[in-house]
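I have placed the structure first, in the form of structure tokens, so that the comments after it can refer back to it.
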Amino acid sequence: MTNALKTLAYIIMVLGVLSGILIGLMGGNFWMFLLYAGGSVIGCLPWFVMVEISEKIDRLSEQLSRIERSQSRTAAGQSDNPVSNSKLQLGAVSASPSVGSKWTCPECEQVNPSSQRTCKSCGYTR
């Protein structure tokens with residue numbers, strides 16, 4: 001949907017600029033050209049902003065759903081076996097990253113530096 005809105009905004013903007021050129025050429029008035037062409041560009045700016053905001057909302061909702069899935073998997077794994085829970089917790093403490101080490105994202109398999117708390121590729125938080 002956002003690509004369709006972007007395409008429509010570009011079409012309207014191009015048509016506005018072309019109509020400004022035609023009106024400016026037919027009327028012989030440069031200011032009329034600037035008025036129509038500039039007005040069409042400025043009129044399309046809210047569309048571009050709206051599309052960018054909706055794309056960012058989509059990306060954030062995808063990241064949130066990944067985090068929720070990860071947390072639900074972790075919670076399900078921890079509630080099943082209390083003995084393995086203590087082993088997991090001990091393993092987490094002993095496997096703390098050292099300087100210069102790397103970690104692999106469980107969601108997208110991206111290798112990240114240990115200093116980074118979120119995945120560079122998908123935004124997964126470790």
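The values are calculated or read from the model by the stated rules, or taken from the named source; none is laboratory data. Not measured: the values here are computed from a predicted model. Glycine gets a Cβ as well: all are built from the backbone with ideal geometry, and neighbour counts include every protein chain shown. Note: areas computed on protein heavy atoms with side chains; ligands, DNA, RNA excluded. Shrake-Rupley method; radii C 1.70, N 1.55, O 1.52, S 1.80 Å.
For segment 24-36: of the residues being among the hydrophobic types (A, V, I, L, M, F, W, C) and touching a residue at least 12 places away in the same chain (Cβ under 8 Å), which is least open to solvent (accessible area, probe 1.4 Å)? Can you show your working first?
Of all residues in segment 24-36, those among the hydrophobic types (A, V, I, L, M, F, W, C) come to 25-26, 30-35.
Of the ones still in play, those that are also touching a residue at least 12 places away in the same chain (Cβ under 8 Å) are 32-35.
On the way: Met32: 71, Phe33: 54, Leu34: 72, Leu35: 111 Å².
My answer is Phe33.
Residues to consider are Ile21, Ile53; find the one that is modelled with pLDDT of 80 or more and not in a loop (DSSP other than H, G, I, E, B).
Numbers: Ile21 fails: modelled with pLDDT of 80 or more.
Every option except Ile53 fails the conditions.
Within the bounds of segment 16-34, is there any residue that is within 28 Å of Thr118 (Cβ to Cβ) and among the polar types (S, T, N, Q)?
Filtering segment 16-34 down to residues within 28 Å of Thr118 (Cβ to Cβ) leaves none.
No: zero hits.
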> For residues in segment 24-50 being in a helix (DSSP H, G or I) and of a type in the set (Gly, Ala, Ser), which is farthest from Ala9 (Cα to Cα)?
Replying inline: Gly27
>> Within segment 57-83, take every residue that is at pLDDT 85 or above and among the hydroxyl-bearing types (Ser, Thr, Tyr) and give me the one that is most open to solvent (accessible area, probe 1.4 Å).
In response: Ser61
> Can you name the residue in segment 2-23 that is hydrophobic (A, V, I, L, M, F, W, C) and touching a residue at least 40 places away in the same chain (Cβ under 8 Å) and, of all such residues, is most open to solvent (accessible area, probe 1.4 Å)?
Replying inline: Leu5
